[in-house]
Amino acid sequence: LSLSARLIEAPQGPTLGLPAFLELAKRHGYAAVDLRASQFGPRTSDAELAALRAALAEFGLTVFEGGYAGKLDGEGEAQLLHHAGRLMELGALGLRMNGDLPTLKLACRIIRPTGLSVFYQMHTGSPFETIASTLRAIEAVGEPNFAVLPEPANLYMAREVFHEGMLLPLAGRIGGVHVQTLEVRPGAGNKLKLSDGTGLAYERVEYEANRQ
């Protein structure tokens with residue numbers, strides 16, 4: 001299991017430093033962490049990288065995936081390759097990023113020498129909204145080191161019918177699975193629009209009210 005450092009992101013800045021976040025992950029039985037692009041990126045200094053590596057070793061953790069939020073212009077391509085190489089050294093399996101399909105294809109080709117895959121989280125309002133649309137998008141990207149991250153809450157909001165074997169069409173292209181807690185409910189405060197033009201309302205499940 002890998003704990004996402006999205007947990008500590010906030011508009012005013014991180015709610016915990018990375019060492020404290022790593023200690024939290026270890027204490028609750030996680031073996032790895034996901035690092036956001038804002039927490040570890042091409043501009044992370046060598047000293048910060050060394051501190052992160054030491055903290056990972058201290059808590060016996062590895063990095064499952066990192067992120068990249070830059071552009072893929074001439075300078076950006078070099079930054080992406082450098083960043084992917086450092087993630088590989090931390091044990092990462094993939095690099096999560098957004099972008100249109102040609103950008104994802106280019107990113108796959110850039111980082112291929114590192115052995116990492118480009119990960120894209122399946123999400124409403126994207127080419128990766130449903131399983132059927134995801135299969136078409138994977139074919140369009142057409143790179144062997146491209147994988148998706150199914151997200152059950154997003155698939156539920158996309159009105160996929162859940163059944164045993166529903167993800168089998170994506171076999172060989174699943175880099176991991178992300179889990180979050182959402183409740184789809186009419187009148188809820190958050191609204192989103194699906195690719196077919198329809199919409200729905202949802203709320204995030206309150207942690208404190210649902211602790212077991």
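So if each residue of separation counts as 0.36 nm, and I subtract the Cα-Cα distance between Ala78 and Glu203, what length gain in nm does that give?
Full extension from Ala78 to Glu203 adds 41.0 nm.
Can you give me the % of accessible surface on the range 25-74 that is carbon or sulfur? Probe 1.4 Å, all protein chains present, nothing else counted.
Exposed carbon and sulfur together represent 53 percent of the surface.
R0 = 25 Å: FRET efficiency of Glu139 with Leu168, Cβ-based, nearest 0.05?
On the way: r = 17 Å, r/R0 = 0.66.
With R0 = 25 Å, the Cβ-Cβ based efficiency is 0.90.
Using the heavy atoms of the protein chains and a 1.4 angstrom probe, tell me the accessible area per residue for the range 146-212 in square angstrom.
65 Å²
Once you charge only the Cβ atoms, +1 for Lys and Arg and -1 for Asp and Glu, what is the size of the charge dipole of the chain about its Cα centre, to the nearest 20 debye?
On the way: 20 positive and 23 negative charges, 11 e Å.
Value, rounded to 20: 60 debye.
Amide H to amide H under 5 Å from Ser117: which residues, 5+ apart in sequence or cross-chain, H placed 1.01 Å off N in plane?
Gly94, Leu95
How high is the FRET efficiency from Ala132 to Gln180, r the C-beta distance, R0 22 Å, rounded to 0.05?
Efficiency, rounded to the nearest 0.05: 0.50.
What are the GluC sites (Glu not before Pro) within the range 110-212 that DSSP puts in a loop, where the Cβ has at most 10 other Cβ atoms within 10 Å?
Glu164, Glu206
Report, to the nearest whole %, how much of the accessible area of the range 113-183 belongs to carbon and sulfur atoms, 1.4 Å probe, protein only.
Carbon and sulfur atoms account for 58 percent of the accessible area of the range 113-183.
If I compute P(r) over Cα pairs in 10 Å bins from 0, in percent from the structure I just sent, which labelled value in (1) 10, 39, 39, 11, 1; (2) 8, 31, 35, 22, 4, 0; (3) 8, 26, 22, 17, 13, 8, 4, 2, 0 lines up?
The value computed from this structure is option (2).
Taking trypsin sites (Lys or Arg not before Pro) as exposed when DSSP calls them loop (any state but H, G, I, E, B) and at most 11 other Cβ atoms lie within 10 Å, what is the longest stretch of the chain free of them, the sites themselves excluded? Don't jump to the answer; show the numbers that get you there.
On the way: sites that count: Arg43, Arg211.
The answer is 44-210.
Give me the 1.4 Å probe accessible area per residue for the range 21-73, excluding ligands and nucleic acids, in Å².
Normalised by residue count, the accessible surface of the range 21-73 is 51 Å².
Give a quick list of chymotrypsin sites (Phe, Trp or Tyr not before Pro) in the range 19-118 that DSSP marks as loop, anything other than H, G, I, E or B, with at most 15 other Cβ atoms within 10 Å.
In loop regions of the range 19-118 (DSSP not H, G, I, E or B), there are no sparsely surrounded chymotrypsin sites (Phe, Trp or Tyr not before Pro).
Could you derive backbone 3J(HN,Hα) for the range 10-20 from the dihedral phi with the Karplus parameters 6.51, -1.76 and 1.60 (θ = phi - 60°), listing whole Hz in sequence and x where the residue is Gly or Pro?
8, x, 8, x, x, 7, 9, x, 4, x, 5
Would you grab the residues whose amide H sits under 5 Å from the one on Thr62? Only those 5+ places off in sequence or on another chain, please, with H modelled 1.01 Å from N.
Result for Thr62 returns Ala32, Val33.
The values are calculated or read from the model by the stated rules, or taken from the named source; none is laboratory data. Keep in mind the model is a prediction, meaning the values are calculated, not measured. Ideal geometry is used to build each Cβ from the backbone, glycine not excepted, and the neighbour counts take in all protein chains shown. Side chains included, ligands, DNA and RNA excluded: accessible areas come from the protein's heavy atoms. Shrake-Rupley method; radii C 1.70, N 1.55, O 1.52, S 1.80 Å.
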